[in-house]
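Some notes on the structure that comes next.
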Amino acid sequence: MVCVILGWTDICLRNDVTMLRIQRTTGKTTVLTVIGRLGAENVSELCQLVETEPTDKVLVLDLADLVLADRAVVRILRNFELQERIVLRNCPAYIREWITREQISE
């Protein structure tokens with residue numbers, strides 16, 4: 001299940017394999033809080049949300065409640081960071097290390 005919460009709007013997409021919720025909050029910065037499992041099968045929802053945000057504002061991805069990520073997700077997060085498109089907040093250590101290793105291997 002993928003739930004995207006945008007203000008009062010709640011959009012859910014069902015997928016029997018994974019559960020993902022993305023919550024958007026705004027203030028001085030826009031924060032997308034990623035909750036649950038993020039994998040190749042549902043990362044497109046996150047990418048679509050990132051792409052709809054204005055490029056002149058800081059976009060924060062809060063990963064404190066991210067349970068699981070796969071290689072496709074790590075590569076996308078790394079690319080967003082390299083493009084200075086996002087700032088990762090509360091990034092789990094294993095994901096940060098994986099991002100670093102992906103950069104070294106290229």
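If R0 is 30 Å, the Cβ-Cβ spacing of LYS57 and GLN103 corresponds to a FRET efficiency of close to 0.75. The stretch between TYR94 and ASN79 holds 3.7 nm of extra length on full extension. This uses 0.36 nm per residue minus the Cα-Cα distance. The 3J(HN,Hα) values that the Karplus relation (6.51, -1.76, 1.60; θ = phi - 60°) gives for region 63-72 are, in residue order, 10, 4, 9, 6, 8, 8, 9, 10, 4, 4 Hz. Gly and Pro appear as x. Taking packing as the residue-averaged number of other Cβ atoms within 10 angstrom, the listed peptides 29-42, 47-60, 74-87 run from highest to lowest as 29-42, 74-87, 47-60.
Each value in this text was obtained by applying a stated rule to the coordinates, not by laboratory testing. Small disclaimer: the values here were computed from a predicted structure and weren't measured. FYI the Cβ positions are ideal-geometry reconstructions off the backbone, even for glycines, and counts take in every protein chain you see.
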